[in-house]
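Peer 1: What follows is a single structure, and I will ask about it in a moment.
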Amino acid sequence: MHEREKKYHTNASSRGNRGKSSDRKNAARSNDGNLHRKSVTRTNEGDAGRKPVALANDGNADRKPAAPSSDFIRNIINEDMKTGKYGGRVMTRFPPEPNGYLHIGHAKSICLNFGIAQDYRGGLCNLRFDDTNPTKEEEEYVESIKRDVRWLGFDWDEREYYASDYFDRLYEYAVQLIEGGNAYVDSLSAEEIREYRGTLTVPGRESPYRTRSVSENLELFERMRAGEFADGTHVLRAKIDMASSNINMRDPTVYRIRNVAHQRTGNKWCIYPMYDFAHCLSDSIEGITHSICTLEFENNRPLYDWFLDALRVENHPQQIEFARLNLSYTIMSKRKLLILVEKGIVSGWDDPRMPTISGLRRRGYTPEAIRTFCDRIGVAKTNSVVDIALLEHFLREDLNKRVPRRMAVLRPLKVVIDNYPEEKVEWLEGINNPEDESMGTRKLPFSRVLYIEKEDFHEDPPKKYFRLAPGREVRLKHAYYITCVDVKRDERTGEIVELHCTYDPKTRGGWSQDGRKVKGTLHWVSARHGIPVEVRLYDHLFTRENPDEGAGGDFLQNLNPKSLEVLTSCIAEPDLADGKAGERFQLLRHGYFCVDPDRTSDGTPVLNLTVPLRDTWAKIQKAQKKAGENGATR
């Protein structure tokens with residue numbers, strides 16, 4: 001047995017260092033055999049009420065289930081804990097392939113795997129990269145994945161592994177399969193292998209090379225490793241059952257030839273293991289107890305178990321499948337997301353319209369909101385589609401409590417207050433967040449010339465329009481009551497370009513001493529003090545709830561031409577001049593925004609719309625509740 005496996009099977013309570021490379025094998029240990037690891041605790045407020053649980057292993061063998069959530073996976077683990085299966089250990093892993101950026105669907109898996117480890121005393125979750133296909137994998141993707149997992153609030157400590165860490169061991173396992181008569185080198189072409197495999201209704205046929213002797217298979221496999229053959233000349237296949245009703249069991253490929261360098265192992269290898277082979281054995285080597293996968297791997301479970309049984313490994317994890325996250329108006333295929341990037345439809349993997357974690361982060365999403373969303377949608381056994389409005393609902397709930405309020409005018413209309421002194425400037429007090437008094441107040445400059453939104457003035461107002469109109473009085477937020485007395489137009493186009501108003505100096509702060517009420521409250525910015533900003537308004541990237549529907553199955557035909565609107569003439573209150581990249585706030589009456597990492601060529605700050613103020617999900621719930629009440633009274 002190899003060293004890493006011994007550490008799991010000789011003492012379930014003592015965790016040896018299972019570092020990602022040889023330089024980790026000498027990591028410091030404590031006297032009781034546990035690694036010195038930093039304690040990482042989730043304390044963010046958006047964690048759906050889950051008690052913070054340190055990720056560090058305290059060495060206590062008395063591990064009791066502490067699962068705050070109830071789902072079928074945790075029920076399985078709870079039962080395993082009762083029976084003492086796996087020696088009372090709980091160990092999961094998040095195993096991404098570094099061939100693209102992680103998206104919101106991966107966030108569900110991250111939260112589930114790391115969350116389960118947190119829910120059980122001594123539980124651990126590894127980060128393992130499935131880097132078995134060097135033709136599609138890049139170091140950029142590796143770094144982005146690590147950055148995204150940490151941003152979501154999780155840490156794998158020193159347990160960062162790669163399937164390539166085990167290439168020598170996996171090769172030995174493959175030799176064992178050959179020696180046991182459980183694998184053979186097949187020289188059929190890829191097309192012939194597909195033809196021989198059969199269909200769902202027609203059984204497969206055995207390859208003419210299936211009867212090769214053990215010695216011939218060992219010789220050919222060694223020559224494959226030595227680089228004597230071109231890609232596609234031979235493959236190593238497991239010898240299982242070509243008549244199986246499960247196509248995955250019809251002599252699946254174990255190794256294939258790829259004469260390309262690997263980003264971590266260089267030119268050492270020219271044959272690479274297939275996912276199904278590498279995955280289950282990597283789980284076993286690391287001492288994983290519960291290998292949690294999405295439903296598309298349900299039919300692969302018999303193969304997962306077959307490899308482990310055929311090789312008689314001592315640690316046999318249990319594969320459990322759950323329904324992947326499908327989100328309306330969203331593509332979850334990394335292949336299709338890559339198409340969007342390569343065709344220049346989006347600016348990159350972190351384009352705020354992308355469902356990637358880096359895109360959501362740039363747009364202004366919080367890790368707390370994403371974790372709460374993943375927790376609340378639960379863990380199911382059947383696939384379904386979640387309304388994106390629910391994700392936006394949890395985001396608004398989180399941002400509403402934590403971000404300051406600011407004012408910005410996106411489509412400016414000039415307002416001159418005729419009876420306000422020309423050189424006078426007042427510094428008025430504005431509340432930063434009415435949901436949190438501890439966030440205090442800020443000073444807002446008020447002067448004779450202001451900007452308001454163009455849509456906040458109507459020369460001939462319709463019914464129920466309570467904003468500014470000729471002769472009508474409205475409130476300026478945190479400031480004064482004003483009344484429109486004149487309208488100026490562009491002589492050439494006839495467009496309204498300037499309003500003249502008067503103000504009531506006795507209404508400072510936005511309230512009148514005589515108790516009169518106004519129905520309209522407008523946000524504004526002082527023309528003298530406001531700063532220019534570029535605002536990017538984002539909408540769904542696709543026009544259909546299921547982007548793959550219609551248009552002959554071409555998801556690109558369902559792109560939303562209005563998914564991005566760039567406004568370049570916006571004016572914001574001066575506080576936003578010092579906004580740092582990623583800083584979030586609510587622009588009154590518009591929505592939640594964040595500062596983009598980039599600025600325009602002339603240094604103008606860029607603000608990204610995170611989510612508008614309207615809460616579609618809340619409206620849906622309200623309508624459902626009302627419909628239920630009406631039904632109950634009938």
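Peer 1: Pick out the one residue from Thr356, Thr330 that is buried (at least 21 other Cβ atoms within 10 Å of the Cβ), closer than 30 Å to Asn433 by Cα and among the hydroxyl-bearing types (Ser, Thr, Tyr).
Peer 2: Thr356
Peer 1: A follow-up question, please. Just checking, does the range 533-551 include any residue being within 37 Å of the chain's Cα centre (by Cα), of a type in the set (Gly, Ala, Ser) and open to solvent by less than 60 Å² (accessible area, probe 1.4 Å)?
Peer 2: yes
Peer 1: Quick one: what pairs do we get from the range 208-228, first residue at pLDDT below 95, second part of a helix (DSSP H, G or I) and loosely packed, with under 14 Cβ neighbours inside 10 Å, C-beta under 6 Å, 6+ apart or different chains?
Peer 2: So the pair list comes out empty.
Peer 1: Can you confirm whether Val346 is in a loop (DSSP other than H, G, I, E, B), buried (at least 17 other Cβ atoms within 10 Å of the Cβ) and more than 16 Å from the chain's Cα centre (by Cα)?
Peer 2: yes
Peer 1: Please enumerate the residues belonging to the range 564-587 that are surrounded by fewer than 19 Cβ atoms within 10 Å (Cβ to Cβ), touching a residue at least 24 places away in the same chain (Cβ under 8 Å) and assigned to a loop (DSSP other than H, G, I, E, B).
Peer 2: The answer is Gly582, and nothing else.
Peer 1: Among the residues of the range 254-270, is there at least one that is of a type outside the set (Val, Ile, Thr), within 30 Å of Ala107 (Cβ to Cβ) and either without any contact (Cβ under 8 Å) to a residue 24 or more places away in the chain or in contact with an Asp or Glu (Cβ under 6 Å, 6 or more places away or on another chain) (or both)?
Peer 2: Yes: the range 254-270 contains one or more residues that are of a type outside the set (Val, Ile, Thr), within 30 Å of Ala107 (Cβ to Cβ) and either without any contact (Cβ under 8 Å) to a residue 24 or more places away in the chain or in contact with an Asp or Glu (Cβ under 6 Å, 6 or more places away or on another chain) (or both).
Peer 1: Among Arg324, Arg301, Arg353, Arg264, which is under 28 Å from the mean Cα position of the chain (by Cα) and under 30 Å from Phe593 (Cβ atoms)?
Peer 2: Arg353 is the lone residue from the list that is under 28 Å from the mean Cα position of the chain (by Cα) and under 30 Å from Phe593 (Cβ atoms).
Peer 1: Touching a Lys or Arg at 6+ places or on another chain (Cβ under 7 Å), modelled with pLDDT of 95 or more and part of a loop (DSSP other than H, G, I, E, B) - does that describe any residue in the range 297-319?
Peer 2: no
Peer 1: Step by step: first the residues of the range 480-523, then only those that are open to solvent by 60 Å² or more (accessible area, probe 1.4 Å), of a type in the set (Val, Ile, Thr) and under 49 Å from the mean Cα position of the chain (by Cα), then the one that is farthest from Pro445 (Cα to Cα). Which residue is that?
Peer 2: Looking at the filtered set, the residue picked out is Thr493.
Peer 1: Moving on. Suppose we keep only residues that are β-branched (Val, Ile, Thr) and touching a strand residue (DSSP E or B) at 6+ places or on another chain (Cβ under 6 Å) within the range 376-392. Which one would you say is farthest from Arg363 (Cα to Cα)?
Peer 2: Top of the filtered list is Val379.
Peer 1: Output the residues belonging to the range 77-116 that are open to solvent by 10 Å² or more (accessible area, probe 1.4 Å), among the polar types (S, T, N, Q) and closer than 25 Å to Arg363 by Cβ.
Peer 2: Asn99, Ser109
Peer 1: Further question: Restricting to the range 198-219, what's the tally of residues that are part of a helix (DSSP H, G or I), closer than 18 Å to Thr233 by Cα and in contact with a helix residue (DSSP H, G or I) (Cβ under 8 Å, 6 or more places away or on another chain)?
Peer 2: 2
The values are calculated or read from the model by the stated rules, or taken from the named source; none is laboratory data. Computed from a predicted model, the values in this text were never measured in an experiment. Glycine also receives a Cβ, built like all others from the backbone with ideal geometry; neighbour counts cover every protein chain displayed. Quick note on the areas: whole protein, heavy atoms, side chains included, nothing else; ligands and nucleic acids left out. Shrake-Rupley method; radii C 1.70, N 1.55, O 1.52, S 1.80 Å.
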